[in-house]
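Asker: Got a structure for you, questions after.
The values are calculated or read from the model by the stated rules, or taken from the named source; none is laboratory data. As the structure is a computational prediction, the values presented were derived from the model and not from experiment. Please note: Cβ atoms are built from the backbone with ideal geometry, for glycine as well, and neighbour counts cover all protein chains shown. Heads up: the accessible areas ignore ligands, DNA and RNA and are worked out on the full protein's heavy atoms, side chains in. Shrake-Rupley method; radii C 1.70, N 1.55, O 1.52, S 1.80 Å.
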Amino acid sequence: MTQPLQSLEQLIDRVSQSTHDNDQVSVGMVVESVGRRSFGPLLMLIGITLFSPLSGLPGMSIFMGSFVLLIAVQMLIGRKQFWLPHFILNRSIERRKLQKALHWLNKPARSIDRVLKPRLTFLVRNGGSYGIASLCIVVGLCMPFMELVPFSSSAAGLALLALGLALVVHDGLLVLLALGAFSATLILIVANIL
């Protein structure tokens, strides 16, 4: 049985080791490598994408919002394994490119891991995970409105990144930071729409 992930560095190492013998690495292989706790890393991936300049592309907020909803609903109904459609699971990249990206992420991951630690765990375990899923549903439903305010989805991406990281390292403080970031985003959207 695979040990649960407790840090970003462990996540990077596990993905790297599980894909070491393959020329092509599929999304399915990455999901299998992180196992039952794949919700956190997938939220992190969406958060990183939204936090990047890609969030300014037309339609990106709506697309990522639907992806967030897919993840959050599965968390809310208590699924232990994440499900993705086959056309997504079969997408792949060259192992060399993935290893290069993972190597580049090692140093920042070590720095982040030094700061993060299990605290306020009631916010991420058991009932807390349902709260995270509910917050993700709210974020996903608000994403289409973020199309109206350029780059507002970057702040939502930061919140999703923090929530995914909170699930991985059991750091409830990140949940509070995510809630603050999303609240600020919501205020920004309402202020710009009205």
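Asker: So if I restrict to the alpha-carbon atoms in the range 80-194, what is the Rg, and what is Dmax, the biggest pairwise distance, in Å?
Answerer: For the range 80-194, the Cα-based Rg and Dmax read 16.5, 48 Å.
Asker: Right, something else. Return the FRET efficiency for the residue pair GLN17, LEU89: r is the Cβ-Cβ distance, R0 is 22 Å, and the value is rounded to the nearest 0.05.
Answerer: That pair, GLN17 with LEU89, gives E of 0.65.
Asker: Using a 1.4 Å probe and ignoring any ligands, DNA or RNA, find the accessible area of GLU147 and quote it in Å² to the nearest 10.
Answerer: Looks like 60 Å² after rounding.
Asker: Determine the shape class of the range 111-156: with a ≥ b ≥ c the square roots of the Cα gyration tensor eigenvalues, call it rounded for a/c under 1.5, and otherwise prolate if a/b is greater than b/c, oblate otherwise.
Answerer: Cα axes put the range 111-156 in the oblate bin.
Asker: Turning to a different aspect of this structure: Across the range 73-79, in residue order, what do the Karplus-derived ³J(HN,Hα) couplings come to in whole Hz, using 6.51 cos²θ - 1.76 cosθ + 1.60 with θ = phi - 60° and x for Gly and Pro?
Answerer: 5, 5, 5, 5, 7, x, 5
Asker: Then there is this: Between GLU32 and ARG110, take the C-beta separation as r, use R0 = 35 Å, and let me know the FRET efficiency to the nearest 0.05.
Answerer: 0.90
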